[in-house]
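Okay, structure first, notes after.
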Amino acid sequence: MAPVVSQANALLSAISRRRFNLRTICGRRTGSASYTSSAPSPAADIDTPLAGTKILEAFSEEFEIGSRKITLETGKMARFANGAVVLAMEETRVLSTVASAKGDSVRDFLPLTVEYQEKQFAQGVIPGTFMRREGAPKERELLCGRLIDRPIRPLFPAGFYHEVQVMASVLSSDGKQDPDVMAANATSAALMLSDIPWDGPIGIIRIGRISGQFIVNPSMDELSLSDLNLVYACTREKTLMIDVQAREISEKDLEAALRLAHPEAVKYLEPQIRLAAKAGKQKREYKLSMVSKKTYDRIRSLAEAPIEAVFTDPTYGKFERGEALDRITQDVKKELEQECDEEGLKFLSKTVDTVRKQVVRRRIIGEGRRVDGRRLDEVRPLYCESGNLPVLHGSSLFSRGDTQVLCTVTLGAPGEAQHLDSLVGPPTKRFMLHYSFPPFCINEVGKRVGLNRREVGHGTLAEKALLAVLPPEDDCPYTVRINAEVMASDGSTSMASVCAGSMALLDAGIPLREHVAGLSVGLVSEVDPSTGDITDYRILTDILGLEDHLGDMDFKISGTRNGVTAIQLDIKPAGIPLDIICECLEPALKGRLQILDQMEREINVARSQDGRNSPRILTLKYSNDAIRRLIGPLGSLKRKIEEETGARISVNDGSLTLVSKNQAVLEKVTEKIDLIVGREIEKGGIYKGVITSIKEYGAFVEFNGGQHGLLHISELSHEPVSRVTDVVSVGQVLSLMCIGLDVRGNVNLSLKATLPRPGSKTNTSVAAPQAPRVWEPIDNENEKKYQDGKPLESGTSLLSGMSGVLIRSAVACDEDEKSAGLNKKSKRRSRSNSESKSNAKSPVENNAKSASDDEDERNTDSQGVLNSNKSTAEAPLSIKKLKLGTEMTAKVHQVRARGLVLDLGGGIRGMYRFEVGFQRDFEVGDEVKVKCSSFSTKGIPVMSLVEERKS
């Protein structure tokens, strides 16, 4: 056993001392490094590789672009892939791998797939999903995949139809650099290292501009301040891809940015070439699917003439032209079947398409005429219509030729913004444009499943184009969603979505700074086969779908009259000179101005939201404690308010944002919130409150959602008040003004601040205390001063259009009756005199009906109206219980020349005005059956007789 134990101890000791020689690998110096992949034996030296151990080599290249240190490294990871590269910029690292399928290809196209993925571990975060793992690709991942795909696809050789897969993954991210451009450069380096045939390398660069100064490789913080976000891809001499988001940058400044981007992007090429020289694989021989010259000449001889006849006839529409071309293909197929030409049948579709391409290009370059007969710089006929769906918040229909897009706008609360789980960039997005390309728009049958890369890319392009002209979020607090539904497609539906979206936003009341329009510019060129240089070319404005397919370029440019807001360039050949790209900016501007003219004739300013179905939005500021009270346990109270009102409540730190369908709903939800949490108390603000308790020095008032304040006795009236109960009572509702907030947060309220001073002629809704008004005669002269029941002159207080009376002093009543020649009984005159004496006591006692009626006096407010908050135990009837239509039996309290003063019980007095032609022989104490028909402007019940007697 001893030898076995000693061997085991020796092995454990060697394992404990094991280490890898990683000094050169972890360093950043250029060159190669080696390390062992297996543990050494106990007898081996710890610094010496074991015999028979496989040596792994890591190669790297370091360089600087725009003050950023960049490293390309291969050999450490993903060794079984055809090519694998890790690109590092500061603390951000991206791995890109490429792999190609083996065997012969049986396709007639290049099945290239690019997948880009940002996993949350790159920032040390566990995903918040239920499964705690990443799900389907997000929109940003699809867009980054397209950004990688577009520049590398044209560089694969013609006839290479083997399946190729690119997978780019973010290994770590510091949030300072956008990994998308890094992944594209890493993919180029991986293709250079692989054995896949590819005519690279390429360089991709990002350019920003802050305060007029261009910045190479800007950080995310710098991009947030930049008015330009340009991504540019190129080979050493030609442009491959352009992607731009800008804030109305002029064509001149854009050209300057492109001229700067090209030499900066070329700096990526040499490090890739050096790395490929060190660690690259020998390019493998792949079978290319190429048609022989004999077969091509045979198919061209059969198809060229009839194809040219179709393309020279401008009367053909899109589908008629397509059907004619399909018939030509079928006729050629029949000829080849009769000749038993297997190769011709195999490459028929691709060869006929090549013949079509040559016919169209030859006619455009030689004659300057296009398929539909237009000039090269001519825009198709336009049709614009806004507000075509009036029920929606905003809508528009835009047609350019056979291309048609319907756009709708939906406005929502800020809390409905889209939440983004990206490693970089903002966490939410409040403006969204969703582009949809249904199969019927091209007369096809298809199935709609999941996110489509093309739809996501086109929608994002239109979204970036419109984002530049949106008002600031403070001026437009909505979350905005645009749905762009393609109704018919024949070229550049994404640019039609920009035009329709701009009109729909104005129709929804969003105040855009400028209208935005866009169109696509194409290119047809002749190339020298020996050198690959372009010998002749033509630029096409507003290309058709066929011209996009058969041409060399699809250059989508959108913007305003002031400048460009978004660009997307896709090309088919292996690069286009930058000079030609810059030349396309001028015809694009001319075509854009034509479209803007048509759009502005349809709608040029934001529509008013008054009377429309646009939602109303309101932001209120509250303390966090008040917001917690409103939300309730687990949000139950908030949900209840939303269910009852139909409004939506978004809760932010210190604020509530209310979104309602219309103004009525907004007022309803605001009222409910005020009852729960109230508003921020401001000095000088007027609030409704309820008297909760009365003390000798004043009354305590509950108002503004549960807050309490003091109504001091000195603030009850402009006149001295001996007792608080002479003016107010518990339960009474008053409108009070906040006159002060002390350091402890106590609120001081005032009633007299809401009342005019005695002698003031100002007519306010809350009048000063006056002598009791029992009756005011209505004669023809006074009736002329009224219209629709409202006084035409200040100070007049007559009622019109109903059986109503107003109250004034009994002395004034008697004087009016004397002037009218009416004799009063001495008993009634003495009663009037006694009431007149009581009127001189105080503003509160002026409303008393007799000196002994002390209980009624306490329930009379400062305006001579009986207190409506008297409890049921004190009075059998209250004004609160008295409603319109209530029938009762009342006693005649006084008989006047124009009507009656009725005793309704409980100390409440009502009024009845005599009607022409009815009996007036009433006596004090008579009982009459009456009905409440209305209330005067001061709350006095106005009665009418249930059974009136003819005189």
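The values are calculated or read from the model by the stated rules, or taken from the named source; none is laboratory data. Quick caveat: nothing in here was measured; it's all calculated off a predicted structure. Reconstructed Cβ throughout: ideal geometry from the backbone, glycine too, with neighbour counts over all protein chains shown.
Observations
- Given (1) of a type outside the set (S, T, N, Q); (2) crowded, with 18+ Cβ neighbours inside 10 Å; (3) farther than 26 Å from P573 by Cβ; (4) at pLDDT below 90, index of the condition A462 fails: (4)
- Of the helices (runs of 4 or more DSSP H) contained entirely in region 214-302, those carrying at least 1 residues that are closer than 30 Å to P111 by Cβ and in contact with an Asp or Glu (Cβ under 7 Å, 6 or more places away or on another chain) fall at 269-279.
- Enumeration of residues in region 121-154 that are closer than 21 Å to R454 by Cα and aliphatic (A, V, I, L, M): A136, L142, L143, L147, I148, I152
- There is no residue in region 515-524 that is within 32 Å of the chain's Cα centre (by Cα) and at positive phi.
- Meets criteria (touching a Pro at 6+ places or on another chain (Cβ under 8 Å), surrounded by fewer than 16 Cβ atoms within 10 Å (Cβ to Cβ) and under 29 Å from E526 (Cβ atoms)) for G373: yes
- Scan of region 150-172 for residues that are of a type in the set (G, A, S) and either buried (at least 24 other Cβ atoms within 10 Å of the Cβ) or in a helix (DSSP H, G or I) (or both), ordered by number: A168
- Condition met for F437 (crowded, with 18+ Cβ neighbours inside 10 Å, in the same structural domain as A504 (by TED's automatic domain parsing) and farther than 30 Å from R616 by Cα): yes
- Per this entry, G522 is not counted among residues that are assigned to a strand (DSSP E or B), within 28 Å of L411 (Cβ to Cβ) and not aromatic (F, W, Y).
- Among all positions in region 130-149, there is no residue which is assigned to a strand (DSSP E or B) and over 28 Å from the mean Cα position of the chain (by Cα).
- The set of residues from region 173-197 being among the hydrophobic types (A, V, I, L, M, F, W, C) and either surrounded by fewer than 21 Cβ atoms within 10 Å (Cβ to Cβ) or part of a helix (DSSP H, G or I) (or both) comprises V181, M182, A183, A184, A186, A189, A190, L191, M192, L193.
- Out of G501, G491, sole residue that is crowded, with 24+ Cβ neighbours inside 10 Å, outside any strand (DSSP E or B), on the phi > 0 side of the Ramachandran plot and not charged (D, E, K, R): G491
- Residues that are assigned to a strand (DSSP E or B) and modelled with pLDDT under 90, drawn from region 528-546: none
- Where strands (runs of 3 or more DSSP E) fall wholly inside region 850-951, the ranges with 1 or more residues that are within 26 Å of L755 (Cβ to Cβ), modelled with pLDDT of 50 or more and not aliphatic (A, V, I, L, M) are 908-913, 927-935, 941-945.
- Within region 690-709, the set of residues being outside any loop (DSSP other than H, G, I, E, B) and either surrounded by fewer than 16 Cβ atoms within 10 Å (Cβ to Cβ) or not assigned by TED's automatic domain parsing to the domain that holds S750 (or both) comprises V690, T692, S693, K695, E702, H708.
- Residue match in region 608-624 (condition: crowded, with 17+ Cβ neighbours inside 10 Å, more than 22 Å from V480 (Cβ to Cβ) and outside the structural domain of L461 (by TED's automatic domain parsing)): yes
- Any hit, region 164-179, residues being among the acidic types (D, E), assigned by TED's automatic domain parsing to the domain that holds Y232 and within 22 Å of L451 (Cα to Cα): no
- Members of region 651-683 found to be assigned to a strand (DSSP E or B) and in contact with a Pro (Cβ under 9 Å, 6 or more places away or on another chain), listed by number: N652, T657, V659, S660
- Sole exception among (1) of a type in the set (S, T, Y); (2) at pLDDT 95 or above; (3) more than 48 Å from the chain's Cα centre (by Cα) for S289, by number: (2)
- Region 330-346 - residue that is modelled with pLDDT of 90 or more and buried (at least 19 other Cβ atoms within 10 Å of the Cβ) and, of those, nearest to E308 (Cα to Cα): V332
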